[in-house]
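To start, the structure itself, in structure tokens.
The values are calculated or read from the model by the stated rules, or taken from the named source; none is laboratory data. Not measured: the values here are computed from a predicted model. As a convention, Cβ positions derive from the backbone with ideal geometry for all residues, glycine included, and neighbour counts pool all protein chains shown. Surface accessibility is based on the protein's heavy atoms, side chains included, excluding ligands, DNA and RNA. Shrake-Rupley method; radii C 1.70, N 1.55, O 1.52, S 1.80 Å.
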Amino acid sequence: MKMFKLTAITATLLAASSFSQVASAEGSLSANIGYVSEYHFRGIQQTGAGSTSAGLDYENGGFYVGTWAADVAEGLEVDFYAGYGFEFDSGIALGAGVTSYQYTGDFDSAYNEINLSAGYEMFSFEYSVGTWDGSDDYFDEDDMVVEGDPEADYSFIGLSLEFGSFSGTIGSWGKDFEGEYFELAYGTEIGGFDVGVGVIVSGSDLDDDEAMYFSLSKSFDL
């Protein structure tokens with residue numbers, strides 16, 4: 001489920017259309033591992049070097065729950081998520097879930113979200129609303145107290161298009177956070193591994209940068 005972050009075969013929605021799951025008759029447990037040359041999430045760079053990841057997912061009758069962890073610039077990102085998705089006979093898929101992004105070290109504070117998604121044929125749409133825990137006060141080099149940032153509310157909208165092995169995503173932050181980005185990616189399978197390459201262009205309110213990344217991942221049924 002979170003493997004999409006690494007393969008980028010469908011761009012963030014993220015956790016986005018990955019929350020639109022088709023109901024299955026029996027429960028399934030799966031694991032995943034991955035590597036990405038630069039980890040970007042919703043247009044924001046998380047690492048300037050390689051990042052490894054691993055995850056565990058359980059799905060049953062449209063319900064899902066899972067966890068996913070990855071290296072970030074300082075410490076680890078550890079995500080927890082759960083939700084429900086279904087698909088109508090018309091092919092329209094809808095999903096709803098919750099996600100909590102937690103961090104070790106001093107990289108960032110926690111983010112907690114409600115995620116809604118919809119998909120039809122090659123199109124997928126995500127709308128997420130969340131709260132950032134803010135940052136604590138800290139001492140600067142002169143041992144002066146610097147006030148941290150207060151708690152903040154944010155929203156994210158992502159629209160993705162898949163055409164064969166190619167995908168494109170336009171994403172936009174709102175409320176207390178601002179910024180837009182565009183991501184174009186290509187993914188395929190080689191020797192049982194999902195291999196991907198992508199390009200991200202972020203606006204000035206985000207990284208104001210252009211980046212290319214390579215990803216390699218594999219999932220296992222348990």
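Look at residue 220 and say whether it is in contact with a strand residue (DSSP E or B) (Cβ under 8 Å, 6 or more places away or on another chain) and loosely packed, with under 14 Cβ neighbours inside 10 Å.
Yes.
For the range 41-56, give me each residue that is in contact (Cβ under 8 Å) with a residue 24 or more places away in the chain and open to solvent by less than 30 Å² (accessible area, probe 1.4 Å).
41, 42, 43, 46, 47, 53, 55
Only residues in the range 203-214 that are open to solvent by 60 Å² or more (accessible area, probe 1.4 Å) count as the first member; pair them with residues that are assigned to a loop (DSSP other than H, G, I, E, B), Cβ under 9 angstrom, at least 6 apart or cross-chain, and list the lot.
Between residues of the range 203-214 that are open to solvent by 60 Å² or more (accessible area, probe 1.4 Å) and residues that are assigned to a loop (DSSP other than H, G, I, E, B), the close pairs are 205/177; 205/178; 212/37; 212/38; 214/37; 214/38.
With surrounded by 16 or more Cβ atoms within 10 Å (Cβ to Cβ) and out of contact with any helix residue (DSSP H, G or I) (no Cβ under 6 Å at 6 or more places or on another chain) as the only criterion, which of 32, 60 stands out?
Answer to the check: 32.
Kindly provide the set of residues from the range 93-126 that are open to solvent by less than 70 Å² (accessible area, probe 1.4 Å), farther than 19 Å from residue 40 by Cα and aliphatic (A, V, I, L, M), ordered by number.
Within the range 93-126, 93, 94, 96, 118 qualify.
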